Amino acid sequence: MNLGQAILEALESLAANKLRSGLTILGIVIGVAAVIAMLAVGTGAQDTITGSISGLGSNLLFVFSGNFNEDVRNPQPLTLGDAEAIADVFQAPSVAAVAPAIQGNVTVTFGGEQTRTQVTGITPEYETVRNYGLLEGEFINTEHLLGRASVALLGPDVADRLFGRRDGVTGEIIRIEGQPFRVLGVLEPKGGSSFGSQDDLILVPFTTAQSRLIRRSRDRVDLILVQAVSAEAVPQATEEIAQILRSRHRTELGADDFTIFSQQDFVATAQTITGVLTVFLGGIAAISLLVGGIGIMNIMLVSVTERTREIGLRKAIGARKRDILIQFLTESSLLSLFGGLIGIGFGWLIAFVVGQVAARSGTPFTPVVGINAILLATIFSTAVGLFFGLYPANRAANLEPVEALRYE
């Protein structure tokens, strides 16, 4: 028996029991669709998260006060003096720009609308370091900083909540903690990140935030953002920043009272977390394939029992053990292959629906049905059919012709 004959006979056998074959295929369809959908959602979430982190700015370093890995006695806060020292080209030649910032939560009102959001006091360098663009208006400049100007840049989410739109709001007067501020412009959307939504915030001049909105002692800052001269210079810039802060804070060896994170650190962490999540979701979905495989084995065992006399007759007229084995393995493989192909389409549909629901709920991300996931699901579903069809096929092939012919 050649492969073509085996496939034709398998199709005839499956067509003779349409309902049973359909229900068996359904188990594989559900399993493959679940695997495809879960992998697509996991990959889409990973791409969205890492893309948002990458959008924070190129070659970006975050310098925080305190040591996140171990307790340090009497940690010193970060200051404007630290930021100025890091910006010194002679002390840190690998640093391109430095932007200190202070942050706090405030209540913002306009007309009858009110919202709670984060306010960040910044310097003009913040635009370059964080790679921000504007939908309209202008960015905070040195004049605003020196004059402690009452101006504010709105994130798109804040503009939506206060005005119901993102254009034509420049020049409007809003109130932050009851104080009037003129809207200077609206920031371009950036999405979410490790620090929450980058669109739900307000930017004001550093000096204005320091004197009127956020209580901080003297020149203390909450965060220093640093842009390295290139991606390759990030490790060198990290070391230069660490040496400057150790010298200024006079910390003991191995007892840094600050923490430096790079953009690559956040991306790597996010990829690890979402990668584990994707594997976990895929593993759960694969259980459905296992259940579908067991269904194939059960159906094939029933088929062997029903066709015992047929098997005996085939062997009596010269069919070899290998021919019987190929016949039943072909049937089980076709069941799983058909189920896999239908499952791929169904899985893509589920992923598309999930993406649409996410977009409508305000957390847009695009599930990605990759070629690797399709190949994995197809190969795995076919392998399931072969594996679970092997025992029934082998059982059929080992039947003695005389005993098979006498079977009632």
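Descriptive notes on the structure:
- Karplus (6.51, -1.76, 1.60) ³J(HN,Hα), θ = phi - 60°, over segment 217-228, in Hz, Gly and Pro reported as x: 6, 6, 9, 5, 10, 8, 7, 10, 9, 10, 10, 6
- Relative contact order [Cα under 8 Å, 6+ residues apart], the chain, whole percent: 30 percent
- Gain on full stretching of the segment that runs from Arg20 to Phe261 - 0.36 nm per residue minus C-alpha separation: 80.9 nm
- Computed over segment 77-250: relative contact order in percent, which uses C-alpha pairs under 8 Å that are six or more apart: 33 percent
- All other residues whose Cβ lies under 11 angstrom from that of Thr170 are scored, Lys and Arg at +1 and Asp and Glu at -1, for a net of -2.
- Accessible area of the chain belonging to carbon and sulfur atoms, whole % at 1.4 Å probe: 58 percent
- Computed E for Ala231/Phe280 - FRET, C-beta separation, R0 41 angstrom, nearest 0.05: 0.85
- For segment 296-336, the square roots a ≥ b ≥ c of the C-alpha gyration tensor eigenvalues yield an a/c of 1.5 or more together with a/b not exceeding b/c, which makes the shape oblate.
- Prolate/oblate/rounded call for segment 77-250, Cα gyration tensor, a/c under 1.5 rounded: prolate
- Surface exposure of the chain, expressed per residue as accessible area with a 1.4 Å probe, stands at 49 Å².
- Largest accessible area first, the residues Phe110, Phe206, Phe90 order themselves as Phe90, Phe110, Phe206 under a 1.4 Å probe with ligands, DNA and RNA left out.
- Sequence of Leu313, Leu11 from largest to smallest accessible area, 1.4 Å probe: Leu313, Leu11
- Built amide H within the under 5 Å cut-off of Ala96, gap 5+: Gln227, Ala228, Val229
- Legend: helices of the chain (whole DSSP H runs) are marked when their alpha-carbon atoms reach 15 angstrom or more along the helix axis and their mean Kyte-Doolittle hydropathy is at least -1.0; marked are 3-16, 18-54, 234-249, 263-306, 321-360, 371-397.
The values are calculated or read from the model by the stated rules, or taken from the named source; none is laboratory data. All figures in this text were calculated on a predicted structure; none of them were measured in a lab. Every residue, glycine among them, receives a Cβ derived from its backbone with ideal geometry; neighbour counts consider all protein chains shown. Accessible surface areas use protein heavy atoms only, side chains included; no ligands, DNA or RNA. Shrake-Rupley method; radii C 1.70, N 1.55, O 1.52, S 1.80 Å.
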